[in-house]
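J.: The structure is given below, and queries will be raised subsequently.
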Amino acid sequence: MNLANNLCQGLDALQINLSDFIQTQLLNYLELLVKWNRVYNLTGVRDVAEMIPKHIFDSLTVLPYVRGAQILDVGTGAGLPGLILAMARPDWQCVLLDSNAKKIRFVKQAIIELDIKNAVAECTRIEAYHPTDKYNTIISRAYTSLLRFYTQTARLCTIDGGLLAMKGVYPETEIAEMAGLPVHLETFSLELPKNAAQRHLIVMQINKE
């Protein structure tokens, strides 16, 4: 099984054009993740071939929905999706946040080894994070409920920015909990190559009067 071919075919299916350098960088990230995962249990996905659709393609499907160049990934875990987005779009500036020290240790090591110049990892809880500047896009992948994500991060988003929540099955109950809040929600169903699992993206535009 050729991982490089699998990656290339999936990118074609997603209509995402990445240079050979970036594709190699993504594969090197997976190699590093597999190595660290043996000791640190960073992800429940053990097979590197499965990591391509479940981690790489899953992260890349949100590219069309990202606004601006200042990105905050909350609850990044092993760098998903933030590190993948940073590699795919070197002109973006990505900050990756997680309170789990071992996961941030891995992300920082990946940034060094893969020479990713547009990503920074921070080990902190979102409640304790008070940056100087705000972000165009704040994203989370299976992090928490929509309501909690909104209440924790809305303060950090620019007026014309948005919050992106990556979910599995359609989160009907969570969407209902957002009723009455000053936010506009849109839901998109995402199709992943070589992955039949349901994936949805909830885009939240904050209404700041």
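Taken together, the values in this text are just the output of simple stated rules run on the coordinates, not laboratory data. The shown structure was predicted, so the numbers you read here are calculated from the model rather than taken from an experiment. Here the Cβ positions follow ideal geometry from the backbone for every residue, glycine too, while neighbour counts run over all protein chains shown.
J.: Compute the distance in nm between two label points, each set 7 Å from the Cα along the Cα-to-Cβ direction, one at Glu113 and one at Glu186.
T.: Distance between the two pseudo-spin positions: 3.8 nm.
J.: Restricting to DSSP H runs of at least four residues, report the calculated mean residue ellipticity at 222 nm for the chain, -39500 (n - 2.57) per run over all residues, nearest 500 deg cm²/dmol. Can you show the working numbers first?
T.: Values: 7 runs with 70 residues, N = 209.
Helix-only estimate at 222 nm: -10000 deg cm²/dmol.
J.: Would you list His130, His200 from fewest to most Cβ contacts within 10 Å? Don't skip to the end; give the middle numbers.
T.: Details: His130 8, His200 16.
Ranking His130, His200 by Cβ neighbours within 10 Å, fewest first, gives His130, His200.
J.: Among Leu11, Gln93, Thr43, pick out the residue whose Cα is farthest towards the positive end of the charge dipole of segment 1-107, where Lys and Arg carry +1 and Asp and Glu carry -1 on C-beta, about the Cα centre.
T.: Thr43
J.: Expressed in nm to one decimal, what extension gain is obtained for the pair Asn17 and Arg105 from 0.36 nm per residue of sequence separation less their Cα-Cα distance? List each step's numbers first, then the result.
T.: Numbers: separation 88, 0.36 × 88 = 31.68 nm, distance 2.99 nm.
Here the segment from Asn17 to Arg105 would lengthen by 28.7 nm.
J.: For a footprinting-style exposure proxy, rank Leu163, Leu33 by other Cβ within 10 Å, fewest first.
T.: Lowest to highest Cβ neighbour count: Leu33, Leu163.
J.: Relative to the present Cα-Cα distance, how much length would full extension add between Asn5 and Val34 at 0.36 nm per residue of separation?
T.: Values: separation 29, 0.36 × 29 = 10.44 nm, distance 1.88 nm.
Contour length minus the Cα-Cα distance gives 8.6 nm.
J.: Could you pull out every residue, at least 5 positions away or on a different chain, whose amide H is within less than 5 Å of the one on Ala121? Hs are placed 1.01 Å off N in the peptide plane, and Pro or chain starts have none.
T.: Under 5 Å from the amide H of Ala121 lie the amide H atoms of Leu96, each far enough along the sequence or on another chain.
J.: Among Ile52, Ile84, Ile16, whose mean-square fluctuation peaks in a Gaussian network model of the chain (Cα, cutoff 10 Å)?
T.: Ile16
J.: When Rg/Rh (Cα atoms, Kirkwood Rh) is calculated directly from the model, which label among [x] 1.06; [y] 0.95; [z] 1.02 fits?
T.: After the calculation, the listed value that fits is [y].
J.: Next up: Take the alpha carbon atoms of segment 155-178, find their center, do the same for segment 2-53, and report the distance between the two centers in whole angstrom.
T.: 27 Å
J.: Give me the one-decimal nm value for the distance between modelled label points at Thr151 and Thr173, 7 Å along each residue's Cα-to-Cβ direction.
T.: The two pseudo-label positions are separated by 1.6 nm.
J.: Considering only DSSP beta bridges with both partners in the chain, what is the antiparallel share in %, to the nearest 5?
T.: Working: 13 of 32 bridges.
Counting only bridges with both partners in the chain, antiparallel ones make up about 40 percent.
J.: Another question, if that's okay. So between Asp160 and Arg46, what do we pick up on full extension, going 0.36 nm a residue minus the alpha carbon distance?
T.: Working: separation 114, 0.36 × 114 = 41.04 nm, distance 3.87 nm.
37.2 nm is the gain from fully extending Asp160 to Arg46.
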